[in-house]
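The values are calculated or read from the model by the stated rules, or taken from the named source; none is laboratory data. This one's a predicted model, so the numbers in the text were calculated from it and none came from an experiment. So basically every Cβ, Gly included, is an ideal-geometry build from the backbone, and we count neighbours across all protein chains shown.
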Amino acid sequence: MFKTFIVSVALLGASSAFAQTAASPIPSFTATALSGKKVTADKLIGQPTILIVTPSKEAAEDTRLWAKALRKNIDQQAIRVRDVLAIDLPFFMSESDAIGRAKKKIPARYYDQTWILAETDLEKALNIPTNSRKAFVIVLDAEGKIVARVEGEPTEARLNEVQSAVQSIKP
């Protein structure tokens, strides 16, 4: 079995406390976009971003709902939206196999915005339980600093929290 970790990039506001301190930078990572390009944490610098993290198959539905809600309610000209699939690959599965599986479920127009991450350092740094059944939404400012974090399915209150976070970091 493999676990999926999805991160969407946009913009968010302050949220509940978590191990990663507020205004701390996003940890370093390297991922592969479904298009085949290599991307690093540096790619998140320069524009506010929202990351939707999916730490398990069970959290995937929350992630889909968040992606839909954020694309509908957040100005994507001002905020970048990306998905990151962080997969704990079994020894017999390659990264290219994981990318092939993801491409079967994700529309081609999102390939550059969807990243495969085959490591768990990002989850650890963000204090995200590897088997959580909840999606996590992380808001980053233009410097890559974590401004907010929300977990679970998108409710009106959680979406408002994200929108407030986005408003708080707009220039």
Query raised in the report: Can you name the condition, by its number, that GLY46 falls short on among (1) farther than 18 Å from ILE106 by Cα; (2) assigned to a loop (DSSP other than H, G, I, E, B); (3) under 13 Å from the mean Cα position of the chain (by Cα)?
Result: (3)
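Residues to consider are THR63, THR49, THR120; find the one that is over 20 Å from ASP141 (Cα atoms), of a type in the set (Ser, Thr, Tyr) and modelled with pLDDT of 85 or more. Even if it seems obvious, please write down each step before you answer.
Numbers: THR49 fails: over 20 Å from ASP141 (Cα atoms); THR120 fails: modelled with pLDDT of 85 or more.
Just one listed residue meets the conditions, THR63.
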Report task. Starting from residues that are farther than 18 Å from GLN76 by Cβ and more than 15 Å from the chain's Cα centre (by Cα), keep the ones in segment 143-163 and report whichever is surrounded by the most Cβ atoms within 10 Å (Cβ to Cβ). Result -> GLU161
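So which of ARG149, ARG158 ends up being free of Cβ contacts under 8 Å to residues at least 60 places away in the same chain and either hydrophobic (A, V, I, L, M, F, W, C) or not in a loop (DSSP other than H, G, I, E, B) (or both)?
Values: ARG149 fails: free of Cβ contacts under 8 Å to residues at least 60 places away in the same chain.
Being free of Cβ contacts under 8 Å to residues at least 60 places away in the same chain and either hydrophobic (A, V, I, L, M, F, W, C) or not in a loop (DSSP other than H, G, I, E, B) (or both) holds for just one of ARG149, ARG158, which is ARG158.
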Query raised in the report: Hey, among the residues in segment 52-69 that are within 15 Å of ILE106 (Cα to Cα) and polar (S, T, N, Q), which one's surrounded by the most Cβ atoms within 10 Å (Cβ to Cβ)?
Result: THR54
**Report entry** Residue, farthest from the chain's Cα centre (by Cα), within segment 1-43, restricted to residues that are hydrophobic (A, V, I, L, M, F, W, C) and modelled with pLDDT of 50 or more
**Finding:** ALA23
Requested in this report: Only residues in segment 90-101 that are of a type in the set (Gly, Ala, Ser) count as the first member; pair them with residues that are part of a loop (DSSP other than H, G, I, E, B), Cβ under 8 angstrom, at least 6 apart or cross-chain, and list the lot.
Outcome: ALA98/PHE2; ALA98/ILE87; ALA98/LEU89; ALA98/ALA118
Requested in this report: Evaluate segment 88-102: report whether one residue or more is closer than 30 Å to ASP75 by Cα and of a type in the set (S, T, N, Q).
Outcome: no
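Matching residues to (1) closer than 18 Å to THR49 by Cα; (2) surrounded by fewer than 20 Cβ atoms within 10 Å (Cβ to Cβ); (3) out of contact with any Asp or Glu (no Cβ under 6 Å at 6 or more places or on another chain):
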residue: LYS103; (1), (2), (3): no, yes, yes
residue: ARG109; (1), (2), (3): no, yes, yes
residue: ASP112; (1), (2), (3): yes, yes, yes
residue: LEU117; (1), (2), (3): yes, no, yes
residue: GLU123; (1), (2), (3): yes, no, yes
residue: ASN127; (1), (2), (3): no, yes, yes
residue: ASN131; (1), (2), (3): no, yes, yes
residue: VAL137; (1), (2), (3): yes, no, yes
residue: ASP141; (1), (2), (3): yes, no, yes
